[in-house]
Amino acid sequence: MKTLTTLIARWRVQAYLDFMWMTRDFRFFFINIVSDIILNLAGVTAVFLLAERFEGIGLWSRDQIVFMLGYAALVRGFLDMGFSYNVLHISRRIGRGQMDHTLVQPQPVWMGLLTEGFMPFSGSWSLLTGIGIWSWAIFQIDVVFPMYWWLMFVCNLASSCAIVLSFSFAWGSLAFWAPVAAEEISSRAVNFMFQLKSFPLDGLSSYVLVSMLTVLPVGFVAWYPCRQLLGIAPASLWHTPLVAVVFSLIAWILFKKGMQHYEQTGSQRYLGFGHRG
């Protein structure tokens, strides 16, 4: 309970700072909202138009495609809202020597990384866009989902977020050893996953599909869990959560090894760019 209380207190501080930053100027506030909504809608428009034109894509109906688009937007929305300020793009913090800002604070590193990127106001517009798309799809799909399905939906959604975050931290850990060369590796890895998150992968060859579920786990951002949730390819709904546990463990091991190296060598450079003072 003490840890939970501390987390809530830190999230409250971050929310207050984000609100003050977001509302400091009405023009900035308006531009931020409009641009975020446009960018997030643009990210799903191409796939939606294909599904609308051909009344679906492969095994997927149009409404199921929209469900997957909404699910993918929700994943990005939660990550944007909860892990901004280069927490999701952790290699930037590491490569620029900004991990020291977290290390000198009187709190565990995990707590700092879990709370410093919380942006409930400026980062919520992509999440609201995802909620709108997903809600529209739910009302279009003529199925009554049981309580168990809703619980597994929340579990799979959280697991998809964990997989993307773990993938970023696993690759971002390289910045401990190569801060200059690997400074942007997390952003490249995350952007790659988000660019392909909305495409159904059913037609890929077995070798490419396996790589999209292991080495580059793009399929777990939306495609695979949505196939299970919608019954397109009946299988256990626990696959995505189990994969999330595996990727989280791998990321934790690599990040811990990187932190041990960082404790011995320190930072070879420092850039204040992108740091929220």
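The values are calculated or read from the model by the stated rules, or taken from the named source; none is laboratory data. No experiment lies behind these values; they were computed from the predicted model shown. As a convention, Cβ positions derive from the backbone with ideal geometry for all residues, glycine included, and neighbour counts pool all protein chains shown. With ligands, DNA and RNA removed, areas are computed over all heavy atoms of the protein, side chains included. Shrake-Rupley method; radii C 1.70, N 1.55, O 1.52, S 1.80 Å.
Of the residues that make up the range 99-115, is at least one open to solvent by 10 Å² or more (accessible area, probe 1.4 Å) and among the small types (G, A, S)?
Going residue by residue through the range 99-115, those that are open to solvent by 10 Å² or more (accessible area, probe 1.4 Å) are 100-101, 103-111, 113-114.
From what's left, among the small types (G, A, S): none.
The answer is no; no qualifying residue exists.
Only residues that are more than 25 Å from F78 (Cα to Cα) and in a helix (DSSP H, G or I): list them for the range 181-210, please.
S206, Y207, V208, L209, V210 - these are the residues of the range 181-210 that are more than 25 Å from F78 (Cα to Cα) and in a helix (DSSP H, G or I).
State yes or no: is S211 open to solvent by 20 Å² or more (accessible area, probe 1.4 Å), within 19 Å of V164 (Cβ to Cβ) and polar (S, T, N, Q)?
Spelling it out, S211 is indeed open to solvent by 20 Å² or more (accessible area, probe 1.4 Å), within 19 Å of V164 (Cβ to Cβ) and polar (S, T, N, Q).
Restricting attention to the range 44-96, and to residues there that are out of contact with any strand residue (DSSP E or B) (no Cβ under 9 Å at 6 or more places or on another chain) and polar (S, T, N, Q), which single residue is surrounded by the fewest Cβ atoms within 10 Å (Cβ to Cβ)?
Only one residue tops the list, namely T45.
Any idea which residue in the range 214-223 is surrounded by the fewest Cβ atoms within 10 Å (Cβ to Cβ), counting only those that are in contact (Cβ under 8 Å) with a residue 40 or more places away in the chain and not in a loop (DSSP other than H, G, I, E, B)?
Step by step, filter the range 214-223, then rank; the result is W223.
What residue, among those in the range 2-18 that are open to solvent by less than 90 Å² (accessible area, probe 1.4 Å) and not aliphatic (A, V, I, L, M), is farthest from M111 (Cα to Cα)? Talk me through it step by step, then tell me what you get.
Residues of the range 2-18 that are open to solvent by less than 90 Å² (accessible area, probe 1.4 Å), as a first pass: 3-11, 13-15, 17-18.
Next cut, not aliphatic (A, V, I, L, M) only: 3, 5-6, 10-11, 14, 18.
On the way: T3: 9, T5: 12, T6: 9, R10: 9, W11: 10, Q14: 13, D18: 18 Å.
The selected residue is D18.
Would you call L216 more than 30 Å from Y262 (Cβ to Cβ) and not basic (K, R)?
no
Would you check which residues across the range 224-277 are small (G, A, S) and either open to solvent by less than 40 Å² (accessible area, probe 1.4 Å) or in contact with a Lys or Arg (Cβ under 9 Å, 6 or more places away or on another chain) (or both) and list them?
A233, A235, A244, A251, G258, G266, S267, G272, G274
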